[in-house]
1. For the range 218-225, does any single residue satisfy the condition of being away from the ligand (no atom under 13 Å from the Cβ) and crowded, with 22+ Cβ neighbours inside 10 Å?
2. Out of Ala79, Ala88, Ala137, which single residue is more than 16 Å from the ligand (Cβ to nearest atom), in the same structural domain as His16 (by TED's automatic domain parsing), among the hydrophobic types (A, V, I, L, M, F, W, C) and within 19 Å of Glu44 (Cα to Cα)?
3. Hey, could you check the range 234-257 for residues that are more than 24 Å from Arg195 (Cα to Cα) and at pLDDT 95 or above and say which is surrounded by the fewest Cβ atoms within 10 Å (Cβ to Cβ)?
4. Here are some residues: Asp187, Asp234, Asp167, Asp183. Which one is in the same structural domain as Ser94 (by TED's automatic domain parsing), more than 30 Å from Ser17 (Cα to Cα) and assigned to a helix (DSSP H, G or I)?
5. Looking at the range 106-154, which of its residues are basic (Lys, Arg) and assigned to a loop (DSSP other than H, G, I, E, B)?
6. Cβ-Cβ distance below 7 Å, separation of 6 or more or different chains: which pairs start in the range 45-56 with a residue that is among the acidic types (Asp, Glu) and end on one that is near the ligand (Cβ under 7 Å from one of its atoms) and not in a loop (DSSP other than H, G, I, E, B)?
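The values are calculated or read from the model by the stated rules, or taken from the named source; none is laboratory data. The model shown is predicted, which means the values in this text are computed figures rather than measured ones. Note that each Cβ is placed from the backbone with ideal geometry, even for glycine, and that neighbours are counted across all protein chains shown.
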Amino acid sequence: MKRMHLSLNLTEYGRHSGGWRHAVSDVSRIPNLEAYRHAVRTAERGLFDQAFIADTPVHNWGRSSATTTRIDPLEIAAALSTETEHIAIIATLSTSYNEPYDVARRAASVDTITGGRIGINYVASTGDATARNFHRARQLPHDERYARSNEFIEVATKLWANAPTADRPGSRVVHHGRFFDVDAVLDVRQPMHGRPLIVQAGSSAEGRDLAARWADAIYAGGSTLERAQEYYQDIKARAAAYGRDPDSIKVLLGIAPFLGDTAEEAAELQAVLDANHAEGADLVGHLSDLLEYDLRAHDPEGPLPFDLLPEVKSASVSQATLFTRMRARRT
Ligand SMILES: Cc1cc2nc3c(=O)[nH]c(=O)nc-3n(C[C@H](O)[C@H](O)[C@H](O)COP(=O)(O)O)c2cc1C
């Protein structure tokens, strides 16, 4: 029997960028662990498989949000596991700005704390602002970030596979690669299921390949049914090419529901949130960040100045592709 898998994108006040301004949101307490607790307990009661915590190790990534402070995902995962019994918690970790030994050790520790309910959403991370937090003026090019991601997951996976269990001591992992040199025995007990769940969300060719090679589950955007289906088929084909059973990868397509007891109530909630969003957020600044082009001198009511926008950038291939398509359609 095929089962639907549900994952909650866990935030304090929902994914809508107007959520924090809603009357029920207590922003005086951000970061609000109680709001996380409430959300994850509700998701567990609703039979969700997992709750996922997004992250990017740089300040003020999304200008259209009040959440300019956060809690590191692995630490929240550990705290939230004591509030729940079954749900898995997926912590986002950057493969560009961490070391596999450290991540393998910390994740195995949280695996022990959570009783085997931890997963990792591996992200390559985008943006030079993040790179500047880690000794680099600029981020690595897109394909290099994904080459590092592949080697990162390979090393972490080897460390977990050779970690000590109740029945045997740990064994030595020696890895000399392009990005990492590791000669180590993990000193933390092997995760309960051999390794934490692997989740990924890339949508460029490199991102899809990484997912197809390693992931148990993928977070996907998919702006239309056709594109989502194309994405699904492509992932399954790539997984088969890696010798994997295509059914072993779950594609989790993102939706943003507005909930109410009636359709009218849901529509009303959406209208309130949309109004909050437009009123308070620096939308033009946010779009400028995404496009890597400062739109502030342009009429906010006018069309996008497509001819002035930069060509496809390396920051996020997927986003750039989307805007290139928009430019082609001039919409
Ligand atoms: C549902 C979802 C969640 C994501 N969460 C994060 C995140 O927490 N941190 C991050 O740096 N990127 C996140 N991303 C971005 C992806 O990791 C990826 O960079 C993006 O989809 C662009 O794909 P590409 O890297 O293959 O070009 C997320 C993407 C999706 C669709």
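1. From the range 218-225, those away from the ligand (no atom under 13 Å from the Cβ) are 224-225; that's our starting set.
In the following step, the residues that additionally are crowded, with 22+ Cβ neighbours inside 10 Å were identified as none.
No, the range 218-225 contains no residue that is away from the ligand (no atom under 13 Å from the Cβ) and crowded, with 22+ Cβ neighbours inside 10 Å.
2. Working: Ala88 fails: more than 16 Å from the ligand (Cβ to nearest atom); Ala137 fails: within 19 Å of Glu44 (Cα to Cα).
Of the residues listed, the single one that is more than 16 Å from the ligand (Cβ to nearest atom), in the same structural domain as His16 (by TED's automatic domain parsing), among the hydrophobic types (A, V, I, L, M, F, W, C) and within 19 Å of Glu44 (Cα to Cα) is Ala79.
3. Of everything passing the filter in the range 234-257, Ala237 is surrounded by the fewest Cβ atoms within 10 Å (Cβ to Cβ).
4. Numbers: Asp187 fails: assigned to a helix (DSSP H, G or I); Asp167 fails: assigned to a helix (DSSP H, G or I); Asp183 fails: assigned to a helix (DSSP H, G or I).
Just a single option satisfies the conditions, and that option is Asp234.
5. Filtering the range 106-154 for residues basic (Lys, Arg) gives 106, 117, 132, 136, 138, 145, 148.
Correct list: Arg117, Arg136, Arg138.
6. Asp55/Thr92
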